1. Scan the range 1-50 for residues that are among the small types (Gly, Ala, Ser) and over 24 Å from GLU147 (Cβ atoms) and jot them down.
2. Strands (runs of 3 or more DSSP E) wholly in the range 19-63 with at least 3 residues that are over 23 Å from ILE83 (Cβ atoms) - which ones?
3. Does the range 197-210 include one or more residues that are under 23 Å from ARG163 (Cα atoms) and surrounded by fewer than 16 Cβ atoms within 10 Å (Cβ to Cβ)?
4. Quickly run through the range 64-96 and pick out the residues that are small (Gly, Ala, Ser) and assigned to a strand (DSSP E or B).
5. Give me the pairs, please: first residue somewhere in the range 39-53 and surrounded by 12 or more Cβ atoms within 10 Å (Cβ to Cβ), second residue anywhere and aromatic (Phe, Trp, Tyr), beta-carbon distance under 8 Å, and either six or more positions apart or on two chains.
6. Take the residues of the range 72-109 that are more than 26 Å from the chain's Cα centre (by Cα) and surrounded by 13 or more Cβ atoms within 10 Å (Cβ to Cβ): which is modelled with the lowest pLDDT?
7. If I filter the range 163-184 for residues that are more than 14 Å from the chain's Cα centre (by Cα), of a type in the set (Asp, Glu) and in a helix (DSSP H, G or I), do I get at least one hit?
8. Specify the residue that is surrounded by the fewest Cβ atoms within 10 Å (Cβ to Cβ); the eligible residues are those in the range 211-223 that are under 19 Å from the mean Cα position of the chain (by Cα) and closer than 15 Å to TYR56 by Cβ.
Amino acid sequence: MPFGYASPEQIMRDRAEYARKGIARGRSVVVMQYADGILFVAPNPSKALHKISEIYDRIGFAAVGRYNEFESLRLAGIRYADINGYTFNRSDVTGRGLANLYAQQLGMIFTESIKSLEVEIVVAEVGEAPEDDQIYRLTFDGSVFDEQGMAVIGGQAEAVAGRLKERYREGLALPEALDAALSALTEPGGDRPPSAQLEVAVLDRSREHRKFLRLTGPRLERLLTAAAPPEPPAGTAPAEGAEQPAEPSAEPPAEPPTAPPIGPDGDIDTGSDE
């Protein structure tokens, strides 16, 4: 056997493990349906690098992992959409076709390149009705998953997806969907990230032509305010069954009986020089 030989199965396992570790180091991204379209939410303190972008009129893109790697995929998708929309018809550009293109590229790089791409992406297309929406999740090896209602990529994806499933339901309004996404992205007992560290966008089916809309500034602040859990107003009665605080007694407490002295009066010597 030649020195340094490794079986193909071992090589594939090593590449997959390498890619998974790189993707898990990032923060999760949530893509989910709401009443009027599809919502994208990503914790992202950077103002220059975007995890969420527009590909075409009705198609959005979200990614985690190495920025330079998924940015090249995003640009390739835009070129594919522009060329096909101009050559044939704009309706020929679909999320399914784009997902197949990405699957071919990712699969070819995973099998033929020494290093696999450390990326995981979501391609989402909004339809005329909620049942026409499409969400595709693609992994580093080119596998495609047709997600129903929501998708979570990157970071602690399983834990975030579990928390999101507890709050997700069909037909959520946008503030409710944003609240569910932020609750899923926040660790139990932790604080939600401020608006300056959030990247939020929607594919709104009610918009004309271009459906993609990035939510920033006062618009995002209003949504976060509407999505925040209400605080109980001051002076409200406690819930039934809650313990009532003890009311102070009107009578002064009785003074304890004075015990006979057991030592001389004065300061006690503690042994210190003070």
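The values are calculated or read from the model by the stated rules, or taken from the named source; none is laboratory data. Bear in mind the structure is a predicted one, so any value in this text is a computation, not a measurement. Neighbour counts are summed over all protein chains in view; Cβ atoms, including those assigned to glycine, are modelled from backbone coordinates with ideal geometry.
1. GLY4, ALA6, SER7, SER46, ALA48
2. Fully inside the range 19-63 and qualifying: 29-34, 37-43.
3. Yes, some residue in the range 197-210 is under 23 Å from ARG163 (Cα atoms) and surrounded by fewer than 16 Cβ atoms within 10 Å (Cβ to Cβ).
4. If the condition is that a residue be small (Gly, Ala, Ser) and assigned to a strand (DSSP E or B), then GLY65 is the only one that fits.
5. So the pair list comes out as ILE52/PHE40; ILE52/PHE61; SER53/PHE61.
6. Among those residues, the one meeting the criterion is ARG90.
7. yes
8. Within the range 211-223, the match that is surrounded by the fewest Cβ atoms within 10 Å (Cβ to Cβ) is LEU213.
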